[in-house]
Amino acid sequence: MQEYTRAQLALRNGQDRDEIWVAYKGEIYDVTKSRLWRRGNHYEHWAGQDLTEELADAPHTEYVFDKFSIIGILKK
């Protein structure tokens, strides 16, 4: 699986490019097709970032990511 840097992830924020990606626990998910991530934000969360720390504030569990394809790994 391809690795991406945080800078590469940041470009997939729904503003700079058409792709909308988020990272969680080192995996990068493509959320482009989700109506909840249009324009690159979902409530107070922004695409192009690692959302691992922010999930604790969400009203859902990590299983929400099961709906999306893993398209890469976040480079350490």
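Here are some notes:
- Accessible surface of the chain, 1.4 Å probe, proportion on carbon and sulfur as whole %: 47 percent
- Given charges at beta-carbon only (K, R positive; D, E negative), |dipole| of the chain in Debye: 240 debye
- Solvent exposure, largest accessible area first (probe 1.4 Å, DNA, RNA and ligands not counted), of R39, R6: R39, R6
- Taking the centroid of alpha carbons for each part, the stretch 20-36 and the stretch 52-76 are 7 Å apart.
- Among K67, K75, K25, the sequence by solvent-accessible area, most first, with a 1.4 Å probe is K67, K25, K75.
- Spatially proximal lysines relative to K76 (Cα-Cα < 23 Å; intrachain offsets below 8 disregarded): K25
- Accessible area per residue for the chain is 70 Å², calculated with a 1.4 Å probe on protein heavy atoms, without ligands, DNA or RNA.
- Sequence-ordered 3J(HN,Hα) estimates for the stretch 31-41 from the Karplus curve with 6.51, -1.76 and 1.60 and θ = phi - 60° stand at 10, 3, 7, 6, 5, 6, 10, 4, 6, x, 9 Hz, glycine and proline given as x.
- Looking at the chain, the DSSP beta bridges with both ends there are about 80 percent antiparallel.
The values are calculated or read from the model by the stated rules, or taken from the named source; none is laboratory data. Computed from a predicted model, the values in this text were never measured in an experiment. Here the Cβ is made from the backbone with ideal geometry for all residues, glycine too, and neighbour counts use every protein chain on show. These area figures cover heavy atoms from the full protein model, side chains too; ligands, DNA and RNA do not enter into them. Shrake-Rupley method; radii C 1.70, N 1.55, O 1.52, S 1.80 Å.
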